[in-house]
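The values are calculated or read from the model by the stated rules, or taken from the named source; none is laboratory data. A quick note: this is a predicted structure, and the numbers were derived from the prediction, not measured. Note: ideal-geometry Cβ built from the backbone for every residue, glycine included; neighbour counts use all protein chains shown. The accessibility values were calculated without ligands, DNA or RNA, using every heavy atom of the protein model including side chains. Shrake-Rupley method; radii C 1.70, N 1.55, O 1.52, S 1.80 Å.
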Amino acid sequence: MPSAAELAWLIPVLPLAGACLVGLGLISFNRTINRLRKPVAWLLISCVGAAAVLSYAILAQQLAGAGATEVLFNWASAGTFNLQMGFRVDALGAVMLALVTTIALLVMVYSDGYMAHDKGYVRFFTYLALFSSSMLGLVISPNLLEIYVFWELVGMCSYLLVGFWYERDGAANAAQKAFVTNRVGDFGLLLGILGLFWATGSFGFEEIGVGLQQAVAAGTVSNGVAVILCLLVFMGPMAKSAQFPLHVWLPDAMEGPTPISALIHAATMVAAGVFLVARLQPLFAPYAAVQLTIAVIGTITLFLGASIALTQQDLKKGLAYSTVSQLGYMMLAMGCGAPVAGMFHLVTHAFFKAMLFLGSGSVIHAMEEVVGHEPVLAQDMRLMGGLRRYMPITSTTFLIGCVAIAGIPPLAGFWSKDEILGQAFNSFPLLWAMGFITAGMTAFYMFRLYFLTFEGEFRGNDKAMAAQLLAAAGKGSGGHGDDHGDDHGHVHADHPHESGWQMAMPLAVLAVPSVLIGLLGTPWNSRFAALLDPHEAAEMAEHFSWSEFLPLAGASVAISVAGITVAVLAYALHKLDLAALFANRFPAINAFLANKWYLDAVNDKLFVQGSRKLARSVLEVDSKVVDGVVNLTGLMTLGSGEGLKYFETGRAQFYALIVFGGVIALVVLFGALG
């Protein structure tokens, strides 16, 4: 009987098969399949569930000490060239498989409640299964070329899901923005892959690392070219994992349904970039310039995301910029040569961020009962407040997520973020300082979100505020309509209600690892590091020192507590007026943060408007020059034809006279030249 690792190819195939079956049904028997909402949903949930069971079995084998399994076959051959495809399972892949299937399964169960009344319910579940399959295929890919195939499939699925409510201009524009921004990074990735194949003759992860070093040592490739190839490859993760300056698509992706936000931000699309950088450590590690670039970009990203999150009023946008910031921490770890720390933060972050996003979806779902289906109203925290009284499960799990991401021990975020800060302190002290300051900002803005949403008085019935928000957004009064319900924005209740079991259960399940999973990465006995890199785990345990750990950890906790204290004083006790202390005193800085560092405006001016201007110029050239040449050719042909038709008399004597005249003319010409 084959082992679980030998059956790993089934993990992406099972959700893919379900998605293809339902997709073909939608194409062929649309009305019938759309009526079978629950059977279709549970079929696809079962496919992902079976993939999850197989993933857990593979993870258990890796925990028991099993080695890597790689199965390859020749996909294309030409002479001595063989292009191999297949699948690979190792400790890193096993962790990612278990993580992706777990989050995807919980998101799908949650979606059964969240999307219950949406007219695109079946289509949504089909996209979810296809998205999960694409990410799982990426995880088990054995080389860069196969990864690129699934990389593009992940991008395609994100386009479909972010733009799921394509009738809304915001969703359609966000999907296009995500697609185009990721194409920029993917073009760099493709160039890098082709360049590495030129330099090394291989697409394999270890082979390209060794081959590039040998090429540099032999002088066939210069060190500068090697660095450029590595940075081109890194452009792919920069876009997928929303690193500065290619991060701009991620906050706009909030236009998609909230379950998609949870899946993209926790375990699939944004995790793909961090995973690829971890997978390519053999390639990046020998080049200090590449590592420094990754670390610096990660640091800029973590500070940028946190600073913008300070001013957000939209609940989902606040969480989105939080994700940007946390992805920066992961990239900082990769740049410090600590992929295990980066992957550990990816895992812990996946659980509490999925819980936070699903919690925000629960809040929005409940708010729509009061304010209607207009996202401007349902997602704005200025119309929330006091929800803890109505939504105890959602509020409790959201609070757990806030404590976890703030880095308060013993919850998960403390252990993973502290490990990254420790590595940064040893490698790049200046970057550590930025990460340290950002830790305090993170604690502040997360508890700001919590207090504005769940504490105080409920503000959802404030008609004046609702009208003001709609006017600011350029909309009329009243609900938007059929976003994910069929009640067309009608208001049903005076206050929100707790969500049903399909939405509450995943929140409760995710709360457990958000609290406990960090204990697997304690620096004096890191079982997570022992799984991914036993040698590094042994070194960590051997060199661990309480005298080094406690000051850094204590400082990290202290600045997080300081951030929480400021949030409590400002938003819970109302003892601190931040508008008077900061916003009114420094309006330029406040506007800079509220306008997202003006990066969207810069991109619009340089790239959107610039490309339109270039397109208009090309159109001018096409219409006046190219079309002019074509039209002139046509006119000349028409004119010459009109003139020559008079020589077509049908009389042979006339034709002979013309030939004789031509001969005489040639004789005279040659005589004159001679």
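Output yes when any residue across segment 95-105 is β-branched (Val, Ile, Thr), open to solvent by 10 Å² or more (accessible area, probe 1.4 Å) and either in contact (Cβ under 8 Å) with a residue 12 or more places away in the chain or not in a strand (DSSP E or B) (or both), and no when none is. Yes, there is a match, as at least one residue in segment 95-105 is β-branched (Val, Ile, Thr), open to solvent by 10 Å² or more (accessible area, probe 1.4 Å) and either in contact (Cβ under 8 Å) with a residue 12 or more places away in the chain or not in a strand (DSSP E or B) (or both). Among the residues of segment 40-70, those that are farther than 20 Å from LEU21 by Cα, of a type in the set (Val, Ile, Thr) and buried (at least 16 other Cβ atoms within 10 Å of the Cβ) comprise ILE58, THR69. Within segment 427-453, the residues that satisfy the criterion of being touching a residue at least 12 places away in the same chain (Cβ under 8 Å) and either out of contact with any helix residue (DSSP H, G or I) (no Cβ under 8 Å at 6 or more places or on another chain) or open to solvent by 40 Å² or more (accessible area, probe 1.4 Å) (or both) are SER427, PHE428, MET434, PHE436, ILE437.
Taking (1) open to solvent by 30 Å² or more (accessible area, probe 1.4 Å); (2) within 30 Å of the chain's Cα centre (by Cα) in turn, GLY554 satisfies each apart from (2). Within segment 597-623, residues that are in contact (Cβ under 8 Å) with a residue 12 or more places away in the chain sit with their Cβ atoms under 8 Å from residues that are surrounded by 10 or more Cβ atoms within 10 Å (Cβ to Cβ) and assigned to a helix (DSSP H, G or I), at 6+ positions apart or across chains, in these pairs: TRP597/LEU304; TRP597/SER307; TRP597/ILE308. ALA288 meets the stated requirement of being surrounded by fewer than 24 Cβ atoms within 10 Å (Cβ to Cβ) and over 18 Å from the mean Cα position of the chain (by Cα).
Looking for something open to solvent by less than 70 Å² (accessible area, probe 1.4 Å) and farther than 30 Å from MET434 by Cβ - is there at least one such residue anywhere in segment 629-639? Yes, because at least one residue in segment 629-639 is open to solvent by less than 70 Å² (accessible area, probe 1.4 Å) and farther than 30 Å from MET434 by Cβ. In segment 1-34, of all residues being open to solvent by 80 Å² or more (accessible area, probe 1.4 Å) and at pLDDT 85 or above, the one that is nearest to PHE150 (Cα to Cα) corresponds to TRP9.
For every residue, the table says whether it meets (1) modelled with pLDDT under 90; (2) over 28 Å from the mean Cα position of the chain (by Cα); (3) open to solvent by 20 Å² or more (accessible area, probe 1.4 Å).
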site: ASP494; (1), (2), (3): yes, yes, yes
site: HIS497; (1), (2), (3): yes, yes, yes
site: VAL509; (1), (2), (3): no, no, yes
site: PRO523; (1), (2), (3): yes, yes, no
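Checked against the criterion of being closer than 30 Å to GLU457 by Cα and either in contact with an Asp or Glu (Cβ under 8 Å, 6 or more places away or on another chain) or open to solvent by 30 Å² or more (accessible area, probe 1.4 Å) (or both), the candidates ALA529, ALA570 yield just one match: ALA570. Just need a number here: residues in segment 107-124 that are aliphatic (A, V, I, L, M) and open to solvent by 20 Å² or more (accessible area, probe 1.4 Å). Selection size over segment 107-124: 1. Of the residues LEU383, LEU346, LEU302, LEU356, the single one that is touching a residue at least 12 places away in the same chain (Cβ under 8 Å), of a type outside the set (Gly, Ala, Ser), surrounded by 21 or more Cβ atoms within 10 Å (Cβ to Cβ) and under 21 Å from TRP597 (Cα atoms) is LEU302. Scanning segment 134-160 for residues that are part of a loop (DSSP other than H, G, I, E, B) and in contact (Cβ under 8 Å) with a residue 60 or more places away in the chain yields a count of 2. One residue alone among LEU644, LEU632 is over 28 Å from PHE244 (Cα atoms), at pLDDT below 80 and part of a helix (DSSP H, G or I), and that residue is LEU644.
Candidates VAL227, VAL210: the one that is in a helix (DSSP H, G or I), in contact (Cβ under 8 Å) with a residue 60 or more places away in the chain, open to solvent by 60 Å² or more (accessible area, probe 1.4 Å) and over 23 Å from LEU14 (Cα atoms) is VAL210. Restricting attention to segment 190-207, the residues that are farther than 22 Å from ILE297 by Cα, of a type outside the set (Gly, Ala, Ser), out of contact with any Lys or Arg (no Cβ under 8 Å at 6 or more places or on another chain) and open to solvent by less than 50 Å² (accessible area, probe 1.4 Å) add up to 3. If you filter segment 306-323 down to residues that are within 15 Å of ALA439 (Cβ to Cβ) and surrounded by fewer than 23 Cβ atoms within 10 Å (Cβ to Cβ), you find that the one that is modelled with the lowest pLDDT is LEU310. Out of ILE559, ILE589, ILE564, one residue alone is touching a residue at least 12 places away in the same chain (Cβ under 8 Å) and either open to solvent by 70 Å² or more (accessible area, probe 1.4 Å) or under 21 Å from ASP314 (Cα atoms) (or both). It is ILE564.
The single condition among (1) open to solvent by less than 10 Å² (accessible area, probe 1.4 Å); (2) touching a Ser or Thr at 6+ places or on another chain (Cβ under 8 Å) that GLY256 does not meet is (2). Per the listing VAL371, VAL363, VAL376, the residue uniquely of a type outside the set (D, E, K, R), open to solvent by less than 10 Å² (accessible area, probe 1.4 Å) and either more than 30 Å from PRO534 (Cβ to Cβ) or over 23 Å from the mean Cα position of the chain (by Cα) (or both) is VAL363.
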